[in-house]
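**Q** Here it is, the structure in full.
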Amino acid sequence: MKRDLTCVACPLGCAITVEYDETGVLSVTGNTCKRGDAYARSEIVNPTRSLATSVKVNGGIYPVVPVKSNKPIPKSMIFDCMKAINSVTVEAPVKLGQVIIPNILGTGADIVATNHD
Ligand code: SF4
């Protein structure tokens, strides 16, 4: 099998082609550096995404506070993580960097506030 990707590891956006089969990645071409190779292999074997959204706040200045994952989350778990985040309401005050959900769904990523309430 063959898949064409655009590397998002830097603004250059190299066009990368990955050949793979059921045993794994066979070749990576088109990347300009090793980061592109790693990105392409990860996209085939275990694609991840950073997650940014908001969480409801009780008693704050604003009704929600922006949050993000402090490390990428497996793409296959993004929907379940969003459901978990949407089910949470935090009490004000919320501090910048406060951990809202530690180790969300066992991914190893914490959901942290990126602003205060
Ligand atoms: S392969 Fe390297 S140079 Fe090309 S976009 Fe990815 S990180 Fe940037």
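All of the numbers you see were taken from the coordinates with simple rules; none came from a lab. Please read these numbers as outputs of a predicted model, since none were measured by experiment. Note that each Cβ is placed from the backbone with ideal geometry, even for glycine, and that neighbours are counted across all protein chains shown.
**Q** When the Debye formula is applied to the Cα atoms of the chain, each taken as the same point scatterer, what base-10 log of I(q)/I(0) results at q = 0.09, 0.13, 0.18, 0.23 Å⁻¹?
**A** -0.35, -0.62, -0.87, -1.12
**Q** In what sequence, highest mean first, do 57-69, 84-96 appear when ranked by Cβ atoms within 10 angstrom?
**A** 57-69, 84-96
**Q** In the range 52-113, what % of DSSP beta bridges are antiparallel (nearest 5)?
**A** 75 percent
**Q** Once you place label points 7 Å from the Cα toward the Cβ at D4 and V64, how far apart are they in nm?
**A** In this crude spin-label approximation the distance works out to 3.6 nm.
**Q** Now for a different question. Please list, by residue number, everything in the range 35-54 whose backbone N is under 20 Å from a paramagnetic label point 7 Å out along Cα→Cβ of N103.
**A** It comes to 51, nothing else.
**Q** From the cross-link list K2/K83; K2/K34; K34/K71; K71/K95; K68/K95; K34/K68, which pairs have alpha carbons spaced over 25 Å apart?
**A** K2/K83; K34/K68
**Q** If you don't mind, another one. Excluding T48 itself, calculate the net charge of residues whose Cβ lies under 11 Å from the Cβ of T48, where each Lys or Arg counts +1 and each Asp or Glu counts -1.
**A** On the way: positive: R49, K71, K75; negative: E43.
Result for the local shell: +2.
**Q** If you take the charge dipole of the range 1-109 about its Cα centre, with +1 on Lys and Arg Cβ and -1 on Asp and Glu Cβ, which of Y39, A84, S54 is farthest toward its positive end?
**A** S54
**Q** Right, here's the next one. Using the Cα gyration tensor of the range 52-113, with a ≥ b ≥ c the square roots of its eigenvalues, what is the shape: rounded (a/c below 1.5), prolate (a/b larger than b/c) or oblate (neither)?
**A** Since a/c reaches 1.5 and a/b is larger than b/c, the shape of the range 52-113 is classed as prolate.
**Q** Moving on to the next point. Please report the relative contact order for the chain, taking Cα pairs under 8 Å with a sequence separation of at least 6, and give it as a percent rounded to a whole number.
**A** It rounds to 19 percent for the chain.
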